[in-house]
Amino acid sequence: GKNKESPVKVYFPTAIPGIWGKTGGRKQGKGFVTMKLQGCSPNLTIIKHPLCYQNSPQTQDFFQTVKSPKTPEKGEGDWKAGCKLSMQTADKFGSKIILANDPDADRLAVAERTESGWRVFTGNEIGALLGWWCWTTWRQKHPSADVSDANMMSSTVSSKILEALAKKEGFKFIETLTGFKWMGNEADRLLKMNKHVLFAFEEAIGFMCGSQVLDKDGIVAAAVVAELASYVYSSSSSLSKQLEVIYETYGYHVSQCSYFICHDEETITAMFNRLRNFDGPGKYPKKCGKFEIAHVRDLTVGYDSETEDKKPTLPTSKSSQMITFKFANGCVATLRTSGTEPKIKYYTEHRPDPEKGLGAEEVKKELEQIVASIEEHFYNIKLFPKILRRQ
């Protein structure tokens, strides 16, 4: 069909240490993903990853152009260097799309050449694209199936764009705790009930397309994005244009995620306890600056103002801090501690009522104001000087 006639070239970096090396049993994995991707489009460009260097025919691989094989934070030197080299190579071969896995190939990054330069999609944006495509292709293949038996899911700190799709199209959306162990277990439960699991994702570029692998899988996700890219480009569109169509259809979902650093456990506890007593003993904040808060969910102490019994539907844990604020204007913000690093993270998403008629830039601007207010009033580094801004 259209995929075989696709005009787009996709650059997929290969030979990444840990998965795509040329030693031993790794050949089969490399050949598999090449086969899967070329099945999506005959114009797929397969060239060596510019960030890697194969030191010897043995199993010791290392990155030549970055300090660490671990994916760095966005904005840091290694990340910029990696993006720059990938984009330069893609430009050299005339590729409009870059797909890149991490060393163990369970995550997927996507970039697209636009008129204004290269655009690196966020995990939430990729989730929106893949969610729409998984729904569209499933519905085409199963036109008479009961849509109420179809399911998608995402973690609680990820975009709720799938929830918007579900409300409009009629399938089920399920929210889980952070981590694919929760989504995988939920998918397994649904499959045993003869339900359909179409897609699941987390904002940290982890995607589960279909139900063959009940975990995040960067290989399958790469193949599905290549298929999607072939489809939109053969229709004289692009991934960026299709994303805009999705937001215009289901409502804008604009996200901003970051973190503060704190090495002092007592300070972290004091910060979160202050939020639990913000407007007096046992009273959570009703406002954050000028922005009204409609509901609060605290998965540390087991409280949810939105449920009838005031108990959250998601599992709770006293071993970590996690509070979600739902603003009256449609924004949702979750503050949580990291289980492995000295970070106090925040995940925000603004999804105003489409009836308000806000454009993309207006939604983005209002979200920036909300985030600034959260940083000032909730993190309050003047009150807690041991809480540091990320560099």
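Since every read-out is calculated from the coordinates, none of them should be taken as a lab result. Source: prediction; values computed, not measured. Please note: Cβ atoms are built from the backbone with ideal geometry, for glycine as well, and neighbour counts cover all protein chains shown.
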- prompt: Plugging the Kirkwood radius over Cα pairs into Stokes-Einstein for the stretch 213-261, at a temperature of 4 °C and a viscosity of 1.567 mPa s, what D comes out in µm²/s?
  reply: 98
field: Span from the the stretch 286-342 Cα centroid across to the the stretch 192-254 one, whole angstrom
entry: 28
- request: Give me D for the stretch 225-333 in µm² s⁻¹, whole number, from Stokes-Einstein with Rh from the Kirkwood sum over alpha-carbon pairs, 37 °C and 0.692 mPa s.
  value: 192
query: To the nearest 0.05, how large is the calculated FRET efficiency for S116 and E169 if R₀ is 25 Å and r is the Cβ-Cβ distance?
result: 0.20
- prompt: Label-point separation (nm) for L191 and D309, each offset 7 Å from Cα along Cα-to-Cβ?
  reply: 3.1
field: Proximal aspartates and glutamates to K287, defined as alpha-carbon separation beneath 20 angstrom and excluding residues fewer than eight positions away on the same chain
entry: D279, D298, D304, E306, E349, D353, E366, E368, E375, E376
message: Using 0.36 nm times the number of residues separating S317 and T136, minus their current alpha carbon distance, what extension gain do you get?
response: 61.5 nm
message: Pairs on different chains or at least eight residues apart, Cα atoms closer than 23 Å: how many lysine pairs in the stretch 139-244 fit?
response: 24
query: Counting Lys and Arg as +1 and Asp and Glu as -1, each charge on the Cβ, what is the dipole of the stretch 244-391 about the Cα centre in debye, to the nearest 20?
result: 580
- request: Within the stretch 301-391, report the GluC sites (Glu not before Pro) that DSSP leaves as loop and that have at most 15 other Cβ atoms within 10 Å.
  value: E306, E308
Under Karplus coefficients 6.51, -1.76 and 1.60, residue-wise ³J(HN,Hα) of the stretch 292-303 in Hz, glycine/proline x: 6, 9, 8, 8, 9, 10, 10, 7, 7, 9, x, 10
task: Have a look at the stretch 286-391 and give its Rg and Dmax from the Cα atoms, expressed in angstrom.
output: 14.8, 42
- prompt: For Q369, what charge total do you get from the other residues with a beta carbon under 12 Å from its beta carbon, if Lys and Arg give +1 and Asp and Glu give -1?
  reply: -2
statement: Rounded to the nearest whole number, the Stokes-Einstein translational diffusion coefficient of the stretch 130-263 at 20 °C and 1.002 mPa s (Kirkwood radius, C-alpha pairs) in µm²/s is 138
message: Compute for the stretch 86-191: radius of gyration divided by Kirkwood radius, i.e. Rg/Rh, restricted to C-alpha atoms, rounded to two decimals.
response: 1.04
